[in-house]
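Here the structure comes first, spelled out in structure tokens, and everything after it is commentary.
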Amino acid sequence: AVFLNSTVGEVFPDPDVLNGLMRFVREGGGLAGIHGASYASMDLPEYSEMIGAADGPHRVETATLKIDDPNSPLTKGFGGKDFVREDEFYHFLPDGPYSRSKLHVLISIDTAKSDMSEWHVRPDNDYGLSWIRSYGKGRVFNCAMGHTPTLFATPALAGHILAGIQFVLGDLEADTTP
């Protein structure tokens with residue numbers, strides 16, 4: 001598997017490298033992205049489609065997060081309970097690749113319990129932060145959280161990242177149905 005931790009900007013300037021990564025995942029490899037992975041190489045639609053999102057305004061804020069799939073082995077550490085977190089949350093644009101019709105969303109912003117007064121980005125009010133998906137024969141895990149250093153110091157979130165890595169390695173089975 002390939003692990004992209006807070007990658008932003010032009011990460012794949014060589015088309016052969018991007019094509020190799022895409023082929024690797026399509027043919028059964030894994031890709032895990034943390035925080036800025038969806039903000040990397042936004043000029044390459046194929047990459048954004050594979051990771052599941054691109055672009056979107058973001059800033060450090062406090063929000064209530066909900067567990068969209070409490071039965072997933074990737075979210076078991078949360079015990080099905082919502083939680084409050086301060087982090088830099090991406091608010092993915094409605095015209096980008098982020099869509100629940102393509103992704104199995106695990107965690108999202110609970111807009112009913114969070115101050116969204118500055119965020120009128122998506123008409124559907126859907127702000128996913130962590131998801132999994134199949135891509136060809138491969139597996140993709142993306143977690144848009146991780147700007148603040150407490151991600152790995154929070155046991156449930158560290159466990160979530162570990163489970164995501166195990167998922168992309170093929171060591172953990174999880175439903176990827178959107």
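The values are calculated or read from the model by the stated rules, or taken from the named source; none is laboratory data. The shown structure was predicted, so the numbers you read here are calculated from the model rather than taken from an experiment. Glycine also receives a Cβ, built like all others from the backbone with ideal geometry; neighbour counts cover every protein chain displayed. All accessible areas refer to the heavy atoms of the entire protein, side chains included, with ligands and DNA or RNA removed. Shrake-Rupley method; radii C 1.70, N 1.55, O 1.52, S 1.80 Å.
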Once all Cα-Cα distances of segment 65-153 are split into 10 Å bins that start at 0, what whole-number percent is in each one? 15, 49, 32, 4, 0
Mind grabbing the accessible area of Asp16 for me, 1.4 Å probe, Å², rounded to tens? 120 Å²
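Contour minus end-to-end for Asn5 and Leu169, with contour as 0.36 nm per residue of separation and end-to-end as the Cα-Cα distance?
Here the answer is 57.4 nm.
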Quick one: putting +1 on the C-beta of Lys and Arg, -1 on the C-beta of Asp and Glu, what dipole do you get for segment 1-127 around its Cα centre, in Debye to the nearest 20? 520 debye
Heavy atoms of Met42 accessible to a 1.4 Å probe, total area in Å² rounded to 10: 80 Å²
Heads up, segment 1-90 by the C-alpha gyration tensor (a ≥ b ≥ c square roots of eigenvalues; a/c under 1.5 rounded, else a/b over b/c prolate, else oblate) looks oblate
If I ignore ligands, DNA and RNA and count only protein heavy atoms, how much of Ser101 is accessible to a 1.4 Å probe, in Å² to the nearest 10? 90 Å²
HN-Hα couplings for segment 146-155 via Karplus (6.51, -1.76, 1.60; θ = phi - 60°), in whole Hz with x for Gly/Pro, come out as x, 6, 8, x, 7, 3, 7, 8, 9, x
Gap separating the Cα centres of segment 53-70 and segment 9-27, nearest whole Å: 26 Å
Could you name the lysines whose alpha carbon sits less than 16 Å from that of Lys137, not counting residues in the same chain fewer than 8 places away? Lys102
From largest to smallest, what semi-axes in whole angstrom does the chain give when each is the square root of 5 times an eigenvalue of its alpha carbon gyration tensor? 24, 19, 14
Under 5 Å between amide hydrogens, which residues at least 5 positions from Tyr98 or on another chain qualify, with H placed 1.01 Å from N in the peptide plane? Ala54
Once you keep just the Cα pairs under 8 angstrom separated by 6 or more residues, what percentage relative contact order results for segment 1-121? 24 percent
